[in-house]
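In what follows, a single structure is set out as structure tokens and then discussed.
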Amino acid sequence: MFVIYCPYCEEHREEDEFHASGQAHLARPLNPDECTDKEWGDFLYFRKNPRGLHQEIWQHTAGCRKFFNITRNTVSYEILETYKAGERSKIDMEKPQHD
Amino acid sequence: MHSILMSEQYAHNSVTQKNEFADSAIPMMETALHHAQMSKLAARTDSGLGVSLSELPMAGLLVFRASKDKAALAKAVESVLQVSLPETLSTSIVGDKCVRWIAPDEWLLSCAIDEAYTIEKSIREITGDASIAIVNVAGGFSALTLQGPSAVDVLRKSTAYDVHPQNLMPGKVVNTVFAKAQVCLRCVEENHYELIIRRSFADYVWHWLQVASAEYGLSIEVG
Amino acid sequence: MIKLVHGRYVQNYRLPSGGRIDRSKIFTFRFNNRYYKGYEGDTLASALLANGINVVGRSFKYSRARGIMSAGVEEPNAILQVGATEATQIPNVRATEQSLYDGLVCSTVNGWPSVRFDAMSLVGKLAGGAMGPGFYYKTFMFPAFMWETYEKVIRKAAGLGRSSKERDPDSYDHMHHHVDVMVVGGGATGLMAALTAARSGARVMLADEQNEMGGGLLHNGVEIDKSSAIDWVNSVCTELDSYPNVVRLTRSVVTGLHDHNFLTVNERRTHHLGDRGPTGMSRERMHKVRAHSVILATGAHERPLVFANNDLPGCMQCSAVSQYIRRYAVVPGSSIVVMTTNDAGYQCAFDWHDVGRDVVAIVDTRAKPDGDVVDKARERGIELITGSAVIEANGSHRVRNVLVAPINDAGTFLTGEPQTLLCDTVASSGGWSPAVHLSCHTGSRPVWREDILGFVPGDTHENRIASGRVNGAQSLSECLTDGVNAGKQAVHSCGKQFDSGESVPPVPAVVEPRVGKAMALYLVPHTKTPTRAPKQFVDMQNDVTAAAIQTSTREGFESIEHVKRYTAMGFGTDQGKTGNVNGMAIVANTLQQSIKDTGTTVFRPNYTPVTFGAVAGSHTGALFDPKRFTPMHRWHIEHGAKFENVGQWKRAWYFPREGESMQDTLNRECTATRESVGILDASTLGKIDIQGRDAREFLERVYTNAWAKLAPGRCRYGLMCGDDGMVMDDGVTSCLADNHFLMTTTTGGAANVLNWLELCHQTDWPELDVYFTSVTDHWATMTIAGPNSRELLSRVCQDIDLDKEAFKFMDWREGTVAGAPARVFRISFTGELSYEINVPAHYGMHVWEALFEHGRDFNLTPYGTESMHVLRAEKGFVIVGQDTDGSITPIDMNHAWAVANHKSFSYIGKRGMQREDCLKPERKQLVGLETIDPNTVLPEGAQAVRNPQQSIPMTMVGHVTSSYYSANVGRSIAMAVIRDGLNRMGESVYFPLADGRTVEARICASCWVDPAGDCHKS
Ligand SMILES: [Zn+2]
């Protein structure tokens, strides 16, 4: 059970108020009709599954209903930051992490 | 032009009013827990127990929405209701009206049921073309109050939110999980909480509260 | 029923005075159908020992007699079935953890037919042969049927306790807490830490598994600040209880320490009060605690030494013996041999000696022990045999004698002949294993410390402090100092301060003896090798012997995790609390490597077994899942409705009258609707209010069809797809004003659709000016359908012009229905003339009843979801989620008319639908089906084949999605997805059913009633 800081409610809340919605920063291609099947397939189905830092989008379903991003470590489950949809991460995702 | 629900021109205060059919000009309103016959239960329970519970009578409920034109909404609310739009997780109260912060672009006003129409109309007039939304949701919720020295213990059995008086203090409002339903939970004053729950979940929450309160002694009050 | 003669059983092993028991409160209890007596303050274990009960169970695999070995949660043997009635049965209760109460009824779980004479013991030896190491592993490798056979044998012969077959009459609940500092364990360290933290004003919780705080202080007889340790414990507890922000829980096991310092604490609230708790009080409460800082002060468990027949009743931990004597005034025998590798083991000999019983000898495995205790032993005149070990115990149901032999300094072989010592009790101490379990629950691995011969908690990024014995502290003064420091550190990490320096409690003064160095010894050598010597048990509960561990290592299982799974070591309900380190040491020795390199297995939640009741809490029975009700629910109940679950909603399914079968009811409801007028409670439909300048643009993007021209006052069917082009939801959306729409969704899809809209808006198109608000619960929705619906509506609605030209099909109007403000939508899911009346939920019942008042003239008939399904199927209307399954595009669904490809924005689903796979021919398409025999109703889900004569496995070409008997059509009708179905009208497909029949059906258009659509427009 995580405890997650909602950047909109500005409080830490228990995980059962939230719903995870998968990998963050997946932008729908601006002109889908020009995408090849492969490009569209990549957007639709291919997701990262990293060991270590990962960015996910979560929704504060039982609270403010807002979507926001989480950077967390998939090994230690440590949450390094949460930030609003449309904002940028402050974490260097390339930097190697300790488990 | 926005469409507004037709005027709620039939004001009623009593939920226990005798049901009169069809031809009556005054339709009968039922709160979500009408079937629980709270007033009969109230007559049968002792007062002054650990927890007392009441279902509030039908009230007007309006959802206000505004993001980029939040200032316009704030101005209109101030002018119509004489309160400011509350900040994050807080409430603004004047008389029987309470505005609750729900999200950065969402607030919930409760007022007398017969006032909602006028308030909506006035705010829409003042905001004009601004990008705001108002939705009448009076029928969508049930409002309960939980009071007494053990009210906070009942909450601790029901929600993972930190309801310690140092965290959920008078004037604060949070949306959270309550048992397996959701609640808009407000601390009115010490040992006095308001729970706004979706109407269809009211019977479930009512049942839950009876079980959770049993060990402290539950009295029913007429709201 | 066994008659009790009171006073027949005497507590022969109870001391005349002393102990933390209340001798004025005499309890009678029943063990294996015999009655015994004990006192308040006893555990079940201490009461059994007081009555001289040697054998409390039979072992799992070898069916050997077992007795009580410990005095705490680590107990592997005394696992009992407790409960006076069938309904109150609790399996696998540790007698050492169960407080005694009057009337307690318990029995052994794994002795059949009795523990004294076990018919299986002979067979058990045989079965033991068949159940060597790797038993689990090997049987799992066999086909499943083999395992079933094995399992039956094990369960019948050994038994693992049984659950009640009746409903548990007790209640359980949960409670949430948020604290600054959570202190786990109420021994010296934990009390000191909690006291320190509490003095800062922090919110503190202190939990201990025992019935009172104090841990080892309750029986080790030390002094703190020159008074008895128990006085000190009491004064700390009194101070803690005076702080409003401190919660102090006893009988509460911290069973799990999860991510982000979330702890589950299982409080046994009524287990000590009786077979059933007092009414209104939950039996167990699961506290769910979120802590900023966690202090682990979980202490340590004493390791018994591994020697031949070390499982005989009478073999105990040294500390357990002390605890029974001092805390419960029970001496569990008359003559004792104490074997120890360390100074701490001496205490039990002293305690035994103090109460006037015979201490045969202290056998110290060290050649030259030099601590203060050695002199004390000599002063008392106790025989001290150094450089030696108890290599074997003998006896049948109780130790009769032991073999003691000299060993080399490393403890690896014998250096002389064994001598026999007579005794009935052997206490052993191989050192102490820190209780690191909780520290492992989130993945941290414990670290071996050679200086203390134990594992201590490993590193973690979480805000946790291991303190006291669990972190390797050896003396009481170290523990107390550690506790103060941990408390201070935790307070500071919460950003809190102490008011002044004086607020931090000083470390109390204790006088401690000089302690000699302990010896690393786990498996005591024998004259024979482990495989030939009598069994040397490592894990008592799972009957894992030293020989089995050596065998598994020789068979190639070198990783400790593999050894664990191969031998089942540590798999019991005790999780190997006493045996694991011994097992690891044996593996390390066999592999000739260090324990550090061998490593430890990781402990997982829960620390002790948790009942299902505690896990479920109050979320059982009617509260298992929320039931959602419509505003008219009461009416449905009063009118005999049967209900069906649609998500969490309870929807009226059908309204049977006396004597009707379900089909009779459906026939009546469906024909009444088509002939006159029916009414459906449709309040559960999802409804989303959409406002904003870009509301219309937003609809264009999320629906597949066009919204640009929908005028206020008009409604339109909308179809929604996911990015993959598959149908996600559908419903009617109405234009309330230019910038204002009301979207309806399926009942089950409401929450998902709202979240989907929010996701699209918040992450993809934040620039659009649009707001979504759920109004599902705000509106009571009732659909009146049938040729007389207009007439009926006119009786209760005077302010809307119902003329068919003024109020057309797919129009909506605002007005008053039965005096209530209403929105009326002229839409139809039955194909009939139909109105959907929406009024605020608080008027729902009133309007519904008003319609029935006037509906008498039209035989207004309530119909439920089942008739709704039949009526829509007669028209071929789809139900998303029933006729679609996430693999159906609008084209597959024969809804090409609802796809607008000319829209300027590439709406969601458009690109997905155009993927190669979605365009290929031979996709499954939604069609109608008519069985050749009009009375045969196909089962939903039945699989279609083109040729029923083909060999098995047949090529399946689709399946039935909806199937009913339609009274209006006078035959069965069905819908199905069939490969290339739309191009195969009139062809037959076949349904080979599970009952052996094969049903032939012809593909047809999926509309059986009014195909021209005259009715709903009339
Ligand atoms: Zn939030």
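Among (1) closer than 30 Å to C:Cys918 by Cα; (2) crowded, with 18+ Cβ neighbours inside 10 Å, which single condition is C:Ala672 missing?
(1)
Residues in region C:729-738 that are surrounded by 22 or more Cβ atoms within 10 Å (Cβ to Cβ) and within 11 Å of chain B (Cβ to nearest Cβ): how many?
3
Taking the residues in region C:757-774 that are surrounded by fewer than 22 Cβ atoms within 10 Å (Cβ to Cβ) and of a type in the set (A, V, I, L, M, F, W, C) as candidates, determine which candidate is nearest to the other protein chains (Cβ to nearest Cβ).
C:Leu759
On the basis of being more than 16 Å from the ligand (Cβ to nearest atom) and either open to solvent by 10 Å² or more (accessible area, probe 1.4 Å) or farther than 22 Å from A:Lys66 by Cβ (or both), does B:Gly128 make the cut?
So B:Gly128 fits the description; yes.
I'd like to check something: does region A:7-19 contain any residue that is at pLDDT 95 or above, within 12 Å of chain B (Cβ to nearest Cβ) and surrounded by fewer than 13 Cβ atoms within 10 Å (Cβ to Cβ)?
yes
From B:Ser122, B:Ser142, B:Ser79, grab the single residue that is at pLDDT 95 or above, in contact with a helix residue (DSSP H, G or I) (Cβ under 9 Å, 6 or more places away or on another chain) and within 10 Å of chain C (Cβ to nearest Cβ). Walk me through it before giving the result.
Working: B:Ser122 fails: within 10 Å of chain C (Cβ to nearest Cβ); B:Ser79 fails: within 10 Å of chain C (Cβ to nearest Cβ).
Of the residues listed, the single one that is at pLDDT 95 or above, in contact with a helix residue (DSSP H, G or I) (Cβ under 9 Å, 6 or more places away or on another chain) and within 10 Å of chain C (Cβ to nearest Cβ) is B:Ser142.
Yes/no matrix, rows are residues, columns are (1) closer than 30 Å to B:Ser142 by Cβ; (2) more than 14 Å from every other protein chain (Cβ to nearest Cβ):
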site: C:Thr590; (1), (2): no, yes
site: C:Lys596; (1), (2): no, yes
site: C:Ala622; (1), (2): yes, no
site: C:Arg628; (1), (2): yes, no
site: C:Gly640; (1), (2): yes, yes
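Being among the aliphatic types (A, V, I, L, M) and away from every other protein chain (no Cβ under 11 Å) is the filter here; which residues of region B:203-223 pass it? Give the derivation first.
Step one: list which residues in region B:203-223 are among the aliphatic types (A, V, I, L, M), which gives B:205, B:209, B:211-212, B:214, B:218, B:220, B:222.
Those that are among the aliphatic types (A, V, I, L, M) and away from every other protein chain (no Cβ under 11 Å): B:Ile220, B:Val222.
Restricting to region A:27-60, and then to whatever is within 12 Å of chain C (Cβ to nearest Cβ) and in contact (Cβ under 8 Å) with a residue 24 or more places away in the chain, can you tell me which residue is farthest from the chain's Cα centre (by Cα)?
The qualifying residue farthest from the chain's Cα centre (by Cα) is A:His60.
Here are the criteria: (1) part of a loop (DSSP other than H, G, I, E, B); (2) buried (at least 20 other Cβ atoms within 10 Å of the Cβ); (3) touching a Lys or Arg at 6+ places or on another chain (Cβ under 8 Å); (4) at pLDDT 90 or above. Tell me which single one C:Cys106 does not satisfy.
Just one mismatch for C:Cys106, condition (1).
Sort through A:Thr71, A:Thr36 and tell me the only one that's in contact with a Lys or Arg (Cβ under 9 Å, 6 or more places away or on another chain), away from the ligand (no atom under 16 Å from the Cβ) and hydroxyl-bearing (Ser, Thr, Tyr).
From the options A:Thr71, A:Thr36, the qualifying one is A:Thr71.
Inspect region C:479-492 for any residue being assigned to a loop (DSSP other than H, G, I, E, B) and either under 40 Å from the mean Cα position of the chain (by Cα) or not polar (S, T, N, Q) (or both) and give the result as yes or no.
No - not one qualifying residue is present in region C:479-492.
Filtering region B:30-50 down to residues that are assigned to a loop (DSSP other than H, G, I, E, B) and under 30 Å from C:Ala820 (Cβ atoms), which residue is most open to solvent (accessible area, probe 1.4 Å)?
B:Gln37
Among the listed residues C:Ile26, C:Ile79, identify the single one that is aliphatic (A, V, I, L, M) and either over 33 Å from the mean Cα position of the chain (by Cα) or surrounded by fewer than 22 Cβ atoms within 10 Å (Cβ to Cβ) (or both). Break it down stepwise before answering.
On the way: C:Ile79 fails: either over 33 Å from the mean Cα position of the chain (by Cα) or surrounded by fewer than 22 Cβ atoms within 10 Å (Cβ to Cβ) (or both).
Just a single option satisfies the conditions, and that option is C:Ile26.
Do you know which residues across region B:174-183 are within 13 Å of the ligand (Cβ to nearest atom) and more than 7 Å from chain A (Cβ to nearest Cβ)?
B:Val174
Please give the number of the condition A:Tyr77 fails out of (1) over 30 Å from C:Glu916 (Cα atoms); (2) more than 14 Å from chain B (Cβ to nearest Cβ); (3) open to solvent by less than 80 Å² (accessible area, probe 1.4 Å); (4) touching a helix residue (DSSP H, G or I) at 6+ places or on another chain (Cβ under 6 Å).
(3)
What are the residue pairs meeting all of these: first residue in region C:683-708, first residue within 13 Å of chain B (Cβ to nearest Cβ), second residue open to solvent by 10 Å² or more (accessible area, probe 1.4 Å) and basic (Lys, Arg), Cβ atoms under 7 Å, and 6 or more apart or on different chains?
Partner pairs satisfying both residue conditions: C:Thr684/C:Arg651.
Out of all the residues in region C:277-336, which are among the β-branched types (Val, Ile, Thr) and either touching a residue at least 60 places away in the same chain (Cβ under 8 Å) or over 30 Å from C:Asp168 (Cβ atoms) (or both)? If you could, list the steps in order and put the result at the bottom.
To start, the set of residues in region C:277-336 that are among the β-branched types (Val, Ile, Thr) comprises C:279, C:289, C:294-295, C:298, C:306, C:321, C:325, C:330-331, C:336.
Those that are among the β-branched types (Val, Ile, Thr) and either touching a residue at least 60 places away in the same chain (Cβ under 8 Å) or over 30 Å from C:Asp168 (Cβ atoms) (or both): C:Val289, C:Val294, C:Ile295, C:Thr298, C:Val306, C:Val321, C:Ile325, C:Val330, C:Val331, C:Ile336.
Please pick out the residue among A:Gly86, A:Gly63 that is of a type in the set (Gly, Ala, Ser), within 16 Å of the ligand (Cβ to nearest atom) and touching a Lys or Arg at 6+ places or on another chain (Cβ under 7 Å). Outline the logic, then answer.
Working: A:Gly86 fails: touching a Lys or Arg at 6+ places or on another chain (Cβ under 7 Å).
Testing whether each residue is of a type in the set (Gly, Ala, Ser), within 16 Å of the ligand (Cβ to nearest atom) and touching a Lys or Arg at 6+ places or on another chain (Cβ under 7 Å) leaves just A:Gly63.
Answer yes or no as to whether A:Arg13 is touching a residue at least 24 places away in the same chain (Cβ under 8 Å), out of contact with any Phe, Trp or Tyr (no Cβ under 6 Å at 6 or more places or on another chain) and more than 16 Å from the ligand (Cβ to nearest atom).
Against the criterion (touching a residue at least 24 places away in the same chain (Cβ under 8 Å), out of contact with any Phe, Trp or Tyr (no Cβ under 6 Å at 6 or more places or on another chain) and more than 16 Å from the ligand (Cβ to nearest atom)), A:Arg13 does not qualify.
Tally up the residues in region B:90-125 that are assigned to a loop (DSSP other than H, G, I, E, B) and within 16 Å of the ligand (Cβ to nearest atom), please.
2
Since B:Tyr161 meets every condition but one in (1) aromatic (Phe, Trp, Tyr); (2) within 16 Å of the ligand (Cβ to nearest atom); (3) away from chain C (no Cβ under 13 Å), which condition does it not meet?
The failed condition is (3).
So B:Gln166 passes all but one of these: (1) within 12 Å of chain C (Cβ to nearest Cβ); (2) in contact with a strand residue (DSSP E or B) (Cβ under 9 Å, 6 or more places away or on another chain); (3) without any contact (Cβ under 8 Å) to a residue 24 or more places away in the chain. Which condition number does it fail?
For B:Gln166, the failing item is (2).
Can you tell me which of (1) of a type in the set (Lys, Arg); (2) in contact with a helix residue (DSSP H, G or I) (Cβ under 7 Å, 6 or more places away or on another chain); (3) crowded, with 23+ Cβ neighbours inside 10 Å is the one B:Lys97 doesn't meet?
In the conditions (1) of a type in the set (Lys, Arg); (2) in contact with a helix residue (DSSP H, G or I) (Cβ under 7 Å, 6 or more places away or on another chain); (3) crowded, with 23+ Cβ neighbours inside 10 Å, B:Lys97 misses (3) alone.
What are the residues in region A:66-88 that are part of a loop (DSSP other than H, G, I, E, B) and in contact with a Phe, Trp or Tyr (Cβ under 9 Å, 6 or more places away or on another chain), if any?
A:Lys66, A:Tyr77, A:Ala85, A:Glu87
Among strands (runs of 3 or more DSSP E) lying entirely in region C:230-304, which contain 2 or more residues that are surrounded by 24 or more Cβ atoms within 10 Å (Cβ to Cβ)?
Once the strands (runs of 3 or more DSSP E) in region C:230-304 are filtered for at least 2 residues that are surrounded by 24 or more Cβ atoms within 10 Å (Cβ to Cβ), what remains is C:252-258, C:262-268, C:284-296, C:300-302.
Determine if region B:67-78 includes at least one residue that is free of Cβ contacts under 8 Å to residues at least 24 places away in the same chain and closer than 27 Å to B:Leu168 by Cβ. Walk me through how you get there before you give the answer.
Within region B:67-78, the first condition is being free of Cβ contacts under 8 Å to residues at least 24 places away in the same chain, and the residues that meet it are B:71, B:74, B:78.
From what's left, closer than 27 Å to B:Leu168 by Cβ: B:74, B:78.
The answer is yes; a qualifying residue exists.
The values are calculated or read from the model by the stated rules, or taken from the named source; none is laboratory data. Since we're looking at a predicted model, the values are computed, not measured. All Cβ positions, even for glycine, are placed from backbone atoms using ideal geometry, and neighbour counts span all protein chains on display. When the accessible area is computed, the model is the full protein with side chains, heavy atoms only, and any ligands, DNA or RNA have been set aside. Shrake-Rupley method; radii C 1.70, N 1.55, O 1.52, S 1.80 Å.
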